[in-house]
Amino acid sequence: MAALDQTQVKEGVDQETVDAVREVSTYKYGWDTDIEMEYAPKGVNPDIVRLISDKNEEPEWMTEWRLAAFERWTKMDEPNWAMVHYPKIDFQDQYYYARPKSMEEKPKSLDEVDPKLLATYEKLGIPLKEQMILAGVEGAEDMPAEGRKVAVDAVFDSVSVGTTFQDELAKHGVIFCSISEAIREHPELVKKYLGTVVPVSDNFYATLNSAVFSDGSFVYIPPGVRCPMELSTYFRINAENTGQFERTLIIADKGSYVSYLEGCTAPQRDTAQLHAAVVEIIIEEDAEVKYSTVQNWFPGDENGKGGIYNFVTKRADCRGDRSKVMWTQVETGSAVTWKYPSCILRGDESQGEFYSIAITNNMQQADTGTKMVHLGKNTKSRIVSKGISAGKAQNTYRGLVSMHPKAKDSRNYTQCDSLLIGDKCGAHTVPYIEVRNNSSRVEHEATTSKVDDDQLFYCRQRGMDEEEAVALVVNGFCKDVLQALPMEFAMEAQQLVAISLEGSVG
Amino acid sequence: MLEIKNLHVKLEEEEKQILKGVDLTVEAGKVHAIMGPNGSGKSTLSYVLSGRDGYEVTEGSATLEGEDLLEMEPEERAAAGVFLAFQYPVEIPGVGNMTFLRTAVNAQRKARGEDELSAADFLKEVRAKAKSLKIDADMLKRPVNVGFSGGEKKRNEILQMAMLEPKMCILDETDSGLDVDAMKLVAEGVNALRDEGRGFLVITHYQRLLDHIKPDVVHIMADGRIVKTGGPELALEVENNGYADILAEVN
Ligand SMILES: Nc1ncnc2c1ncn2[C@@H]1O[C@H](COP(=O)(O)OP(=O)(O)O)[C@@H](O)[C@H]1O
Ligand SMILES: [Mg+2]
């Protein structure tokens, strides 16, 4: 009885906090959707791993793969070398599986679709036609699409709720589906590539992900095919106390090309939520992959309460000669970010590029950067990192450039710029450089600057308010990276820059 | 239009009095010129009117059409119609000149409760105005003032002024560092904006500019005060004899 009373009091307090946060915060995607959800019990153990595997109707080999990963994970320790500080995460106090109930039976028309699910997509800025397809409305695929096509896979909490344009993509031999579908329908491809770029034992979070990943996207581009449209995945953490562990696998076969976009949002919660994704990209000879992310998870409130803990392992393996990968990321959200999209430049003359904007405001912490591992001859890499800190935030660029003995005549260029807004925030640059042959060249440039009062006054004299002025100056600072994004994302990213810096001045 | 009364200004950080009782009224439709030796407080006056940080008004007032300017934020003053063509225009790396202009125009329209200018209307207007100032498409795309020559920067200030259509234009040494051709362009730009409803305060060292922009009134500023006011002939006197005679006379 006493316990129950306590719970009620606590809930009352929490509700107040939630409401207060909602009022003061400016996080644009901070609504949550009250959809009937189906949960697995809290915590993680072999039974939960089996349950997830079972829910996804996976074959035995996959279940075994997961269980082996779980076994490993129990023997691993959480890494602590990053410049981020957060309360200890109780991995048994999380839900590892949640999905909307309406998924159990697909709707026939838009009227039957859970209107809240539709509203969610609308707020995420996904066009109506795609909304219908995502909601699983039969026949929506045959409607004419306006403008440029973007195929979307939407991952709502633990599950992919739909993928658009699958039929049209199939005509080109492109496979774009949820990873759970790929495990069922294309086991030969999944078996061949899964875990080959990020091994099961890679790191604490990747190993956990290998055990409990619930869904994610799968892409296969066959030899010589230029993917006819942008592919994109929207990740949405909606359910409370639910970790999201998605797994993305992209394979660009010889001479193919694909541009892939990833967007992320989550509602405001006063409890921190865990996100530990793994992205693996395999790029064969002469193939090219562009991977763009606009990450806008809830960053927590001004006092550092709530927000997403984002521990992500992203890695591209340029296996073939002359293969190419470009990572572009705009990181504006999350309370804690731990993320180093990496390039393994294995093929001769392969190229890796990394363009990053990381904005931290209030109490946010980001430790992000990249690893460029040069293994092949004549390989090239380029890193352009723009870190912006405001409030009491801490922003660290951590980058590794490694030239192996066989990576003759390879080159790296790194440019690392930090911008500070106010004097309570911090920016740190931690470059690791290893050169183990004498024909390779590594260049590193780093700058730190403050938003200049004269610039702000100039903008304000022309009529912009202080926040608008800061957003303009910061967008200018980030231009090299914004330019690397596909058009639609660049617009969204510019607005995000403005939104995430609100309240950073004055 | 602009009324400045007994304006006293000191630096916020130190006990240095810069303006020591400035009285000045600019009527709508008139061009007033301010001349004066270096360090007399001309730029400070323009900054205080437009709301730059770092100065403290210890006495006096400044109003635009009866509204207290000194109470407003810089952007509110801009929306109310105060424009300052900077002596040293500021560079903003990575921000296209056109983007900057459009953001500024729309910010002011929004502040005044007007609709934003459509992209098409904005482009049409900006191209026409840029053309008359000999600002080419390339300069409109380049980042604001970055790598601009002195002349380009000043012409760019006038373009902004033409787009924003302010009520009260303050030009701080817009002529300095300009060759004769560039100065003519700038003067033409200013003259094109002369209008019954608009006032000008033109700060300059040289008669040259005033040959092209005919002032109605000329003030001489020295040591934080307006020490002499007259017609266009006063500028000629400065040109011929320097400030020494005038300063000796008022002392
Ligand atoms: N921010 C400042 N810090 C220190 N001294 C200043 C500052 N602003 C102006 N002054 C001083 O005030 C005086 C007037 O300067 P200014 O207004 O620039 O004169 P003008 O434009 O007439 O040449 C000068 O002595 C100048 O050094
Ligand atoms: Mg001056």
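Values in this text are rule-based calculations from the coordinates and carry no lab data. All values reported here derive from a predicted model rather than from experimental measurement. Neighbour counts run over all protein chains shown; Cβ positions are idealised from the backbone, glycine included.
Take the convex hull of the alpha carbons in segment A:382-440; its mean projected area over all directions comes to 3.9 nm².
Check every DSSP H run in chain B and write down those whose alpha carbon atoms cover 15 angstrom or more along the long axis and whose mean Kyte-Doolittle hydropathy is 0.0 or greater.
Working: long enough: B:97-111 (21 Å, -0.45); B:119-132 (20 Å, -0.43); B:150-164 (21 Å, -0.63); B:180-193 (20 Å, 0.91).
Span-like helices here: B:180-193.
The residue list B:T103, B:P74, B:Q17 was ranked by how far each Cα lies along the charge dipole of segment B:2-249 toward its positive end, using unit charges on Cβ atoms, and B:T103 comes out on top. P(r) for segment A:385-506, from all Cα pairs and a bin width of 10 Å, is 12, 35, 30, 15, 7, 1 %, short bins first.
Report, in cubic angstrom per residue, the convex hull volume of the C-alpha atoms of segment B:2-249.
Numbers: hull volume 31.2 nm³, N = 248.
So the per-residue hull volume is 126 Å³.
Looking at the square roots a ≥ b ≥ c of the eigenvalues of the Cα gyration tensor of segment B:1-70, which shape do they give, rounded for a/c under 1.5, prolate if a/b is larger than b/c, or oblate? It comes out oblate by the Cα gyration axes. Under 5 Å between amide hydrogens, built in the peptide plane, is the criterion, and for A:S232 it picks out A:A151, A:V152, A:D153, A:L261 among residues at least 5 positions away or on other chains.
Every Cα-Cα pair of segment A:306-439 was included, and the share exceeding 23 Å stands at 34 percent.
Which shape class, rounded, prolate or oblate, goes with segment B:104-251 when its Cα gyration tensor gives a ≥ b ≥ c as root eigenvalues, a/c under 1.5 marks rounded, and past that a/b bigger than b/c marks prolate?
Since a/c reaches 1.5 and a/b is larger than b/c, the shape of segment B:104-251 is classed as prolate.
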